[in-house]
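Read the structure below first, then the notes.
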């Protein structure tokens, strides 16, 4: 049984855009995605053309329209990669490629932020990139009317209304007008935050006609993808940990207390819901490392990659991989760290190399996980989500190497389910995000650690 109205959830990821239609109680009714490239130059520059996001979206929306359920959609919410800066004129015209969260060019600007009391933190990465543009591409800076995140850019395409979506709390904002003033930037280029779950406006009439929808569609403010993942795994009370695997992989636990200020290896900020803290760390290239290995060995699918890796024994015949293919964040915070295969011999085979890539990713997650545990934080539930959570082999590796049961949700794309929860709250289906999450989240199975 399905329950109308339907909800369109969108996730603008680093390498693909994903769309899903849900009913009001979290049943997945339709799903599609489209991939797009990264523009990588040298060791530092990582960009993307925002028009590729629109092209990918249009391919996806046409598929959904042809399959029939799109016409019942009454609410939309977008989440996505961040911090990634999009530079647009007042008309919405894109002025240059977006600078991605993976980009490392602005080290001097990050040092300047630190001297002003804004220490290196992913929250301030967009500000560093904007400072870089102001210094190196002043014409682009001068022409820019709004600095947007990818989900804001898509909302502008939907409604014609420029907004900055997210959570209006210092620990979650990519920037603020006060930050802009401190850095000598123009504050009017930085929009005030439209709180997550707030209706922005209605879908443009011409788009509604193209999509075959007769009634108004409300576009609801979303935000950064990890918030969607926390919602989509019901990681909303102490003791629950969300492991989100995509191009990068982050683990976040909801805790009763924060960490001491001396702890710099992982992040500790107030949770976006009352009376809790968000403790988190992220490894930079998990899914991207798997993609790299897949392309290197010309493997056709992820399923085939996991099948080959499974042939190698635990420990990959003493081959160790450090997955620092584009620097590393938690806990090392070294943008220039490099990947390593340690112990490689003539006797190693393709399956050993592939398994060592997977095990290296899990060891990076374990490094963060052990720091969390070292502070006395209890983890009762370990819930995995994202594209990597679709592999039971990879999930079992995590259970074995971390020594904790891994709960796999019914909806593997927690970010999309989280976006659906936000959209549902925005049109009054649920009074708040807690109610939405408790009604829409369901576990699929639990994988227990194998005995050593």
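The values are calculated or read from the model by the stated rules, or taken from the named source; none is laboratory data. Please read these numbers as outputs of a predicted model, since none were measured by experiment. As a convention, Cβ positions derive from the backbone with ideal geometry for all residues, glycine included, and neighbour counts pool all protein chains shown.
For the stretch 194-224, filtering for residues that are modelled with pLDDT under 95, surrounded by 13 or more Cβ atoms within 10 Å (Cβ to Cβ) and over 22 Å from residue 430 (Cα atoms) leaves 0. Restricting 277, 292 to residues that are at pLDDT 95 or above and either buried (at least 17 other Cβ atoms within 10 Å of the Cβ) or in contact with a strand residue (DSSP E or B) (Cβ under 7 Å, 6 or more places away or on another chain) (or both) narrows the list to 292. Within the stretch 103-162, the residues that satisfy the criterion of being within 25 Å of the chain's Cα centre (by Cα), modelled with pLDDT under 90 and not in a helix (DSSP H, G or I) are 104, 106, 118, 119, 120, 121. Enumerate the pairs (first residue in the stretch 33-56 and on the phi > 0 side of the Ramachandran plot and touching a residue at least 40 places away in the same chain (Cβ under 8 Å); second residue anywhere and part of a strand (DSSP E or B) and surrounded by 16 or more Cβ atoms within 10 Å (Cβ to Cβ)) with beta-carbon separation below 8 Å, excluding pairs fewer than 6 apart on the same chain, so at least 6 apart or on different chains. Qualifying pairs under 8 Å: none.
For the stretch 316-330, the criterion of being under 16 Å from the mean Cα position of the chain (by Cα) and not in a strand (DSSP E or B) is met by at least one residue.
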